[in-house]
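Q: Take this structure, written in C-alpha cells, and hold onto it; I'll ask about it next.
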Amino acid sequence: MVEVQFRFREDEAVNDPAVTVDAFAAQTNATAVRIEPGDDARDLLPHLDRLSLVEVSFPAWTDGRGYSSARILREAGYKGEMRAVGDLVIDMLHHLKRCGFDAFAPDKALNDQDARTAFDRWENVYQATAVDGRPAIWAKRHG
Amino acid sequence: MYKYDEYDQQMVDTRVAEFRDQVRRRLAGDLTEDQFKPLRLQNGLYLQLHAYMLRVAVPYGTLNSAQMTLLGDIADKYDRGYGHFTTRQNIQYNWIKLEDTPDILAELAKVEMHAIQTSGNCIRNISSDQYAGAAAEEIVDPRPYAELLRQWSSFHPEFLVLPRKFKIAVIASETDRAAMRLHDIGIKMVKNDAGEIGAQFYAGGGMGRTPMIAPLIRDFVPLDQLITYAEACLRVYNRYGRRDNKYKARIKILVHELGRDEYVRQVEEEFAHLLTQPIEPPLAELERIKTHFTDPGFEAGASDDLDLTDPDFRLWVERNTHAHKQAGYVIATVSLKPVGGIPGDASADQIRLMAQLAKDYSFDELRVTHAQNIVFPHVKKADLYTVWQALDAAGLATANLDTVGDIIACPGLDYCALANARSIPVAQKISERFGSAERQAEIGELKLKISGCINACGHHHAGHIGILGVDKKGLENYQLLLGGSEGADTSLGQITGPGFTEDGVVDAIEKATEVYLANKQGEERFLDTYRRIGMAPFKEAIYG
C-alpha cells in the first residue's frame, strides 16, 4: 500500500483496495480501480456512479498516458478521488493536478517544501483543461 | 510582430525560476542525471559530446533586432563567439556551462525569448514560412495562428510527456517553404468557397529513419475550433502512440499502422467529444494576436528601380531576393553558407550586424529559415544596395540561395552524441568544389541536405540531393540520395546505391550535376530533370 503524500480533498480518504480495469466491470461491489498506462479509461464510463477512488499508475513518469486517462474521466463527470501513484516527480505535480489529479502517492516520498513550491508555481495557465477549474490566460484577457 | 503582455512575460519568468530551481537541485545532488535529463531537455539543454548545448526558441522564426542583438551577446559571453541557426528556425549554442544556463534564460526572458520545449518529448517550437507577412502569394499571414498554437502548446499539462517529440508547422501559401508535410502535424491556412479562412490539417509526416509524407486528415477546420481539433489529434497520439520502441514512437508510425482513415475516425470521435468541453479560446483572442502582425509602415509609392550595374550585387539580387507584396520592397535572404563555411553558423559580430541592418532597413524584423539562413523580410529597394554592401563587408553576401552551395547540414559527429559521421566537413568540401559563382548559376536551384545519422536532422530525405552519413565497420561512409523535395511537391529521395568515402561522395555529386546539365531541357531544375529521366542515367554515371 503506497502512502498518499499530498491530498487536495476535504472528504475522508478512500482506502478500498483498487482492482484492475478488467476486474472492475465484473466485480459489481468494487469501488476503487487502478488504471495502468495501456488501459482505456473510457471502459469505466458506464460505472462512474459506483467509483470513489481511481488510482492512475505511473510506472515511469515519462509515460504520459495517465494524464489523458485522468482528464477523460473528469470530463465525463467523475468527482471522486483521482490518485496518481508511482514514479512521480516534483516538476510534474502541477501538470498532474491540472489534469484532474487531487491525490498523490509517490513511490518515494518527495521533498515536502520543493513539492509545495511546485504545486503553486504557475499563477496563470495558457490552456483551459475544463477539469481543474482554472481560467486560461485568454479568458482573463477577454474577461 | 508579437509583443508579450504581462501574462506572457510572467510565464517565461516563472519558467526561468523553475529551471533555476531544477539546476539547484541537480547541482545539490537531489536530482540524478537520469531524473534531470528529461527536465533539462524541456528547456532545450542537451549534453553533447564535449559540452552542454542550449537551443533557444525563435517562435515561427520571427525575431526583432533587440532579440537578435542579445543572441550575439550570448554567443560572446557564454559560448565561443558564435551561434548556430537550426533547421527548426531556432539557434543553438554548443559550448554552454550548466551553471550558466539559468542566467542565460533570465537574459533571454528580458527580451521576450526562452528555450521552452525546444527539445524533449513534447510539442516543439512551431515553425512557419520565413516569408510570412511579406510574400506576395500568401492567403493570410500564418503567424497569428502559429502564435495561438504556441501559447496553447506551452506547458500543456496533458501533452508534456508524449511518446516522442512533436513538431508542428503552419503555412498559408501554395508555395511551401516550411516542409509542412514532413511534420507531425502540418497546417495550411486556406480559404473555403464561402471565403472563410480555416485550417487544413495534415498528420503523420516526418523524416528520421522512416520518412513519411503526411496525409491530409481534415480539409477545413473552422477557426473557432482550431485548438479543439489540435487537442483531439494530440490526445489520440498521446494515448495510442507506441511507447515500446522509441524508433517507432512518432505519430507517423501510429498513422501508418492504424491507417490514415482509422486515425481520422478516432480523431473525429475525440473532436466531437472535446467540442462539448469549454477549451477553445474565443475568436477575440485570435483577433488580439492578429493586431500584432499588421503591416509595418510601408512607404507608399516607393520606387521599384534597382541599379544593378555592380555585377556582384546583381548576382546577389537575382539569387537571394524574393518578390514582396508591397511595391518598392523586396525580401532579402542572408546566406549563412559561405564557401568552406559551417552551414548555419554566424559569429557574434555577424549576428549583431544583421540585427542592426534589420533595425535600420527592415522594420526591426528578421526571420530564421529552416534552411539555416536569415531573412530581412521588408527591405526598400532603394536601400538594398546599402544593405548588400554592409553584408558583403562582413562576409555575409554569398549569392547562393537554393543552389548547391546553400547546404542544410546537421552538426554531425563534430558535436552530436547521436551522429555516426561528420556532416560539416562534407558540406565544406562540396561548397568548395562548387565554389565558383558561375558554376552555381549554371547548375541553378539544387537543394542539398546532409545528415550525419539516420535521425535525419539534416533533412537528407527531402534534398534534391541528400547525403546520409553512416558508420560502416568503424569508418564514416556516405550514402547518396536523389529526388527528394520538401516543397508543395514533397517527395522522398531514393538511394543511388553503395555508399562513398567523404571525397567519393563529392565526386559523385559532381557527376550527378554533369548528368543533369547534359540532359536538361529548357528551364528544368535538377529535380525536374531527375524526375523526367529517372535514376538510371545518374547511376550509370556515378558507378559506371
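Q: Which of B:Ile187, B:Phe155, B:Gly198 sits farthest toward the positive end of the charge dipole of segment B:151-198, with +1 on the Cβ of Lys and Arg and -1 on the Cβ of Asp and Glu?
A: Selected residue: B:Phe155.
Q: 5 Å is the cut-off here: which amide hydrogens, built 1.01 Å from N in the peptide plane, fall below it relative to B:Tyr82, excluding neighbours closer than 5 in sequence?
A: B:Ala348
Q: Tell me the volume per residue, in Å³, of the convex hull enclosing the alpha carbons of segment A:6-141.
A: Enclosed volume per residue, from the Cα hull, is 111 Å³.
Q: Then there's this: Take the alpha carbon atoms of the protein assembly as shown, find their radius of gyration, then divide it by 2.2 N^0.38 Å using N residues; give the quotient.
A: The protein assembly as shown yields a ratio of 0.99.
Q: Could you please rank B:Met1, B:Met180, placing first whichever residue has the fewest other Cβ atoms within 10 Å of its Cβ?
A: B:Met1, B:Met180
Q: For segment B:142-290, state what percent of all Cα-Cα pairs lands in each successive 5 Å bin, counting from 0 Å until the bin that includes the largest distance.
A: 2, 10, 19, 24, 22, 15, 6, 2, 0, 0
Q: Taking only Cα atoms of segment A:1-64, what ratio of Rg to Rh do you get with Rh as the Kirkwood inverse-distance radius?
A: That ratio is 0.96, to two decimals.
Q: Alpha carbon centre of segment A:89-109 versus segment A:1-29: separation in Å?
A: Result: 16 Å between the Cα centres.
Q: Which of the lysines could a cross-linker bridge to B:Lys381, judged by Cα under 28 Å and excluding same-chain residues fewer than eight apart?
A: Within the straight-line limit of under 28 Å, B:Lys381 reaches these lysines: B:Lys3, B:Lys290, B:Lys325, B:Lys337, B:Lys359, B:Lys447.
Q: Sorted from largest down, what three extents in whole angstroms do the Cα atoms of segment B:321-467 have along their principal axes?
A: 47, 33, 27
Q: Give me the aspartates and glutamates in straight-line cross-link reach of B:Lys165: C-alpha distance below 16 Å, same-chain residues under 8 apart excluded.
A: Those aspartates and glutamates meeting the cut-off are A:Asp63, B:Asp184, B:Glu231, B:Asp244.
Q: Give me B:His460, A:His142, B:His84 sorted ascending by neighbouring Cβ count inside 10 Å, so fewest comes first.
A: Going from sparsest to densest Cβ surroundings: A:His142, B:His84, B:His460.
Q: Let me ask another. Can you give me the three principal axis dimensions of chain B from its C-alpha atoms, in Å, biggest first?
A: So the three principal-axis extents are 61, 59, 57 Å.
Q: Sticking with this one: Over 32 Å between Cα atoms, which of B:Lys188/B:Lys248; A:Lys79/B:Lys110; B:Lys167/B:Lys520; B:Lys252/B:Lys511 qualify?
A: The answer is A:Lys79/B:Lys110; B:Lys167/B:Lys520; B:Lys252/B:Lys511.
Q: For segment B:408-543, what is the convex hull volume of its Cα atoms per residue in Å³?
A: 97 Å³
Q: So, with +1 on the Cβ of K and R and -1 on the Cβ of D and E, and no other charges, what is the size of the charge dipole of chain A about its Cα centre, to the nearest 20 debye?
A: 620 debye
Q: About the Cα centre of segment A:1-62, what is the dipole size in debye to 20, counting +1 per Lys and Arg Cβ and -1 per Asp and Glu Cβ, all else neutral?
A: Details: 5 positive and 12 negative charges, 9 e Å.
That gives a dipole near 40 debye.
Q: Below 8 Å between Cα atoms, with a sequence gap of 6+, how large is the relative contact order for chain B in percent?
A: 13 percent
Q: For segment B:311-393, what size does the Cα cloud have along each of its three principal axes, sorted from largest down, in whole Å?
A: 35, 28, 24
Q: Tell me, what is a quarter of the convex hull surface for the C-alpha atoms of segment B:369-438, in nm² with one decimal?
A: Seen from a random direction, the Cα hull of segment B:369-438 projects 6.1 nm² on average.
Q: What is the magnitude of the charge dipole of segment B:311-393 about its Cα centre, with +1 placed on the Cβ of each Lys and Arg, -1 on the Cβ of each Asp and Glu, and no other charges, expressed in debye to the nearest 20?
A: 240 debye
A short reminder: the numbers here are calculations on the coordinates, not readings from a lab. No experiment lies behind these values; they were computed from the predicted model shown. Cβ coordinates were reconstructed from backbone atoms using ideal geometry, including for glycine residues, and neighbour counts include every protein chain displayed.
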